[in-house]
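Working notes, structure below.
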Amino acid sequence: MGIRFHKGFNGDYNLASNFALEIDGIVQGGFQEITGIEAEVEVIDYRDGNDKALHKRPGRVKYGNIVLKRGQIKDKSLYLWFKEVIDGKTNRKSGAIICQGREDTENTRYNFFEAFPIKWKAGDLSAKSDTFAVEEMTLTCEKIEME
């Protein structure tokens, strides 16, 4: 029978492998994986008077930490941003993760705001391996919105 879609469906899915990272208007390249694009609303349980039922209300919103992974390259700009934080200068930046479809057209944009790096990890090194070293950078942010 197959999948049936609602009227107007154009089939242009975001490809998980076709994305770009933009920070302060500059496209950063070479990322093989970006995770942590998420938001969660805290649930507050409360009881109203003598009502025996437990009611729920939305509470604070918590955003995930964005983890960036890419092959280690000569460009040290992300590491230098992390080093600023270590040195006591919290340089907050905004950016976007841009997802594209098959035609390389922008389908979805995840904007993040007031971000700064909280973790950096150099790639694992092994004389037995012939793969690229992969560095990781973890950003924390105050807000993520899907556009």
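The values are calculated or read from the model by the stated rules, or taken from the named source; none is laboratory data. The model shown is predicted, which means the values in this text are computed figures rather than measured ones. All Cβ positions, even for glycine, are placed from backbone atoms using ideal geometry, and neighbour counts span all protein chains on display. Note: accessible area is taken over every heavy atom of the protein model, side chains too, but ligands, DNA and RNA are not part of it. Shrake-Rupley method; radii C 1.70, N 1.55, O 1.52, S 1.80 Å.
At-a-glance table
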| item | result |
| --- | --- |
| Counted residues, the range 78-88 - those being within 14 Å of Leu139 (Cα to Cα) and surrounded by fewer than 13 Cβ atoms within 10 Å (Cβ to Cβ) | 2 |
| Test for Asn18: is it closer than 30 Å to Trp120 by Cβ, open to solvent by less than 50 Å² (accessible area, probe 1.4 Å) and among the polar types (S, T, N, Q) | yes |
| From Leu68, Leu78, residue being under 19 Å from Asp24 (Cα atoms) and in contact (Cβ under 8 Å) with a residue 60 or more places away in the chain | Leu68 |
| Search result, residues across the range 89-103 that are surrounded by 14 or more Cβ atoms within 10 Å (Cβ to Cβ) and over 16 Å from Glu22 (Cα atoms) | Gly101 |
| Checklist (1) acidic (Asp, Glu); (2) in contact with a strand residue (DSSP E or B) (Cβ under 9 Å, 6 or more places away or on another chain); (3) surrounded by fewer than 17 Cβ atoms within 10 Å (Cβ to Cβ) applied to Glu135, failing item | (3) |
| Single residue of Ala16, Ala20 found to be among the aliphatic types (A, V, I, L, M), under 24 Å from Phe113 (Cβ atoms) and touching a strand residue (DSSP E or B) at 6+ places or on another chain (Cβ under 6 Å) | Ala20 |
| Those residues of the range 109-132 which are in a loop (DSSP other than H, G, I, E, B), modelled with pLDDT of 85 or more and open to solvent by 100 Å² or more (accessible area, probe 1.4 Å), in sequence order | Ala127, Lys128 |
| All positions within the range 106-118 that are under 24 Å from Ala16 (Cα atoms) and touching a residue at least 40 places away in the same chain (Cβ under 8 Å) | Asn107, Thr108, Tyr110, Phe112, Ala115 |
| Exclusive hit being open to solvent by 90 Å² or more (accessible area, probe 1.4 Å) and farther than 19 Å from Glu33 by Cα, set Glu106, Glu147 | Glu147 |
| Among (1) open to solvent by 90 Å² or more (accessible area, probe 1.4 Å); (2) closer than 25 Å to Lys143 by Cβ; (3) not in a strand (DSSP E or B) - the single one Arg57 does not satisfy | (3) |
| Test: residue in the range 75-87 that is at pLDDT below 95, closer than 24 Å to Phe132 by Cα and in contact with a Gly (Cβ under 8 Å, 6 or more places away or on another chain) | no |
| The range 25-54: number of residues that are surrounded by fewer than 10 Cβ atoms within 10 Å (Cβ to Cβ), outside any strand (DSSP E or B) and of a type in the set (D, E, K, R) | 3 |
